[in-house]
Amino acid sequence: MLKAPIPVDDEKRVAILHALNILDTIPEERFDRVTRLAQKLLNVPIVLVSLVDRDRQWFKSRQGLDAPETPRDVSFCGHAIMGDDMLYVPDATRDERFADNPLVTGGPHVTFYAGQPLTHSSGARLGTLCAIDSKPREFDDDQKQALRDLAVLAENELNIATLSQAVLVQKESEARVREVLDHVNEGLFVVYPDFTVGPRYSAALPQILNADAISGLPFLEIIGERIDAERRRSLADYLEMMFRPSVQERMLNNLNPLRNIAYGHPEQSRYLDFRFSRVMDGGGVAHLVVVAEDRTQQTLAELALKEAEARSQSLIEKLFGLLHVDPRLLRDFLEGAEVELAAIGRAMEEAGQPETYATRVERIFRAVHTIKGDAALLGVELVVKKTHEFEEKLETLRARSDLNWSDFVPVGFEFAALKETFVEIRGLVERLTRFQEAFQDAPSGSELLAGALARLGTRLAERAGKQVEIASDDFQSRDIPEQHRKLIKDVLVQFVRNSIDHGIEAPGERERAGKSASGRIKIAAKRAGDQLAVSYRDDGRGFAVDRIREIARESPQFRNEAVDEWDVSRLIGLVFLPGFSTAREITESSGRGVGMDIVKKRIRSAGGKIAVRFAAGRYAEFSFFLPI
């Protein structure tokens, strides 16, 4: 640490300082006014009028610091009085003169310092007006000049000796204040107890407030319609409390309703920041000093940065959500999604036909459900979540009979958001594909699907607190024609989801039934003449016939039917009806009664047929046959 040096004329300088009879006197408004203005104008936490005595620096006025004095040999101001111009230290921790200074390494942790010497009429430098911060920072030229100008005001107060001189100084001070007000970028003004604006304010204020007439008008009237009604009411309450000396100003700072607010008309709003501070007179509040700053550029930049960070984070999350998936499965997923998105688009375009509103909603729902199933197969959780939310909105429309075109507006928004998601995913997939294909072997199509089904089963089972194994040794790609691969994939995804939710029991229940703790699913495909036979079997509880009968009995659709007399075959057929579900709650994987009806319709559309076998408590098996 470099100690503050001693000027050669220090004895004379100290004698002049003592002759002013100002050391160890009580605070005075004439100096406090300068430090408050500097603190607000320069936006620094600490501002001092520091007078350098023989072995100490004593603070005639201080804002943001409790200590009344510090030793001279560690003072920054002791260095500052060695020159005529400002001592400017942007980062004391990197300055060899101050880096190990106890005022830097300990409280108040002086890091930034700007001190303008205060010169007596004799030429002796008595002290400084200094601005301090606990973090590194920079002053631009305007801020440095403002500190110099304010230092002149403090100098004038030090140099007052006679009444006539005081009058002259007062006029000069007024000119200096006017000069400061004319050149600062912030809006500086005073608000009186009746909430009117004082006659003196900075030249920048009318432009900032977008108001020509300001002096003498109520502040709330000037603000007018440029802020919302609720904020105006809060501002009136806030100003009233600011003029109550019994209410602590520090507490009120947190209640300021005009911190970084949107100001003006919605289509051309700017962002302004208002800061209020009290000026005391005796025991009351004489007026408030207000600093208004236009922060539009900074705020828009911050918002743009946050938006960019959010987009970047979103892309990173999406990227990590795709890294585990084989490129060919990703391409198949995107191609399948494009088909379903096109189907949604057609349904939206045709939704204007009154007689088909419910039908169109159902078509959209099925397409969304199919995309969700494909996304679940690959573990693309982002799409699973978005499609599940889409289904939630569509579900409310499915339950209504009075649909009209306006009901499709929110559906359109959801559709647009889903399409945008796929645009982003496609871009990521194109990048990932080149990378992944360079480092991965190329398993067969059936191995890819079987592996994806196994991972899907594991994920769903873990969420449900279950265990499952999927055997696919008899599921060979050579037996599966290209035209049926997407259909088979979609059907098997639905079967796996149903098995985990409805068929496979929890480990404890399975063990009590004499089964292994882990459920087993087996899939197979083989050619049988001119057909492809695909089978799917799980060793779970089979179909809950009593539960199916209970739901059918309560359904308005079968109100006039003798449900209790139906045989098991007819009851099992209900699981293929639209909207029929035995689930007690809706989850991301099941519960809406959509899935098995899609399975049946798609198999029949392909010219195939489906059969079901089961044994209560032992297994459920689906077999479907497709022409080849």
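Of note:
- HN-Hα J in Hz across segment 243-250 - Karplus 6.51, -1.76, 1.60, θ = phi - 60°, x for Gly and Pro: 8, 9, x, 6, 8, 5, 5, 4
- Relative contact order of the chain: 7 percent, from C-alpha pairs under 8 Å at least 6 residues apart in sequence.
- Structure-derived semi-axes √(5λ) of the Cα gyration tensor in Å: which label, when the choices are [x] 80, 29, 22; [y] 50, 29, 22; [z] 39, 32, 23: [x]
- In the chain, the longest principal axis of the Cα atoms and the axis of helix 229-242 are about 40 degrees apart.
- Surface composition of the chain: carbon and sulfur make up 51 percent of the accessible area, probe 1.4 Å.
- Once the Cα atoms are used to define both axes, helix 485-498 deviates from the longest principal axis of the chain by about 80 degrees.
- Exposure ranking of Lys526, Lys144 by accessible area [1.4 Å probe, largest first]: Lys526, Lys144
- Proximal aspartates and glutamates relative to Lys144, as straight alpha-carbon distance under 17 Å, when same-chain residues fewer than 8 apart are discounted: Asp84, Asp85, Asp91, Asp133, Glu155, Glu179, Asp182, Glu186
- Helix 381-398 vs. the chain, principal-axis angle (Cα, 0 to 90°, nearest 10): 70 degrees
- Accessible area of Ser50 in the full protein assembly, 1.4 Å probe (Å², nearest 10): 0 Å²
- Whole-Hz couplings from phi, Karplus 6.51/-1.76/1.60, listed for segment 131-148; x for Gly and Pro: 10, 10, 9, 8, 9, x, 6, 10, 9, 7, 4, 5, 5, 5, 5, 4, 5, 4
- Rounded accessible area per residue of the chain, 1.4 Å, Å²: 49 Å²
- Taking amide H as placed 1.01 Å from N in the peptide plane, the amide H of Val468 sits under 5 Å from that of Gly519, each at least 5 places away or on another chain.
- 14 Å beta-carbon shell around Val468, net charge (K/R +1, D/E -1): +4
- 5 angstrom amide H check on Ala286, placed H, neighbours 5+ away: Val279, Met280, Asp281
- Listed pairs Lys419/Lys601; Lys393/Lys419; Lys486/Lys515; Lys385/Lys601 exceeding 24 Å between Cα atoms: Lys419/Lys601; Lys486/Lys515; Lys385/Lys601
- 9 Å beta-carbon shell around Asp55, net charge (K/R +1, D/E -1): +1
- Heavy-atom accessible surface of Asp85, to the nearest 10 Å², is about 90 Å², with a 1.4 Å probe and all protein chains retained.
- Only helices enter the 222 nm calculation for the chain: every DSSP H run of n ≥ 4 contributes -39,500 (n - 2.57), and dividing by all residues gives -14500 deg cm²/dmol, rounded to 500.
- Of the peptides 372-378, 509-515, 333-339, the ranking by mean beta-carbon count within 10 Å, highest at the top, reads 372-378, 333-339, 509-515.
The values are calculated or read from the model by the stated rules, or taken from the named source; none is laboratory data. It should be emphasised that the depicted structure is a prediction, and the values quoted were computed from it without experimental measurement. So basically every Cβ, Gly included, is an ideal-geometry build from the backbone, and we count neighbours across all protein chains shown. Please note that ligands, DNA and RNA were not included when accessible areas were found on the heavy atoms of the full protein model with its side chains. Shrake-Rupley method; radii C 1.70, N 1.55, O 1.52, S 1.80 Å.
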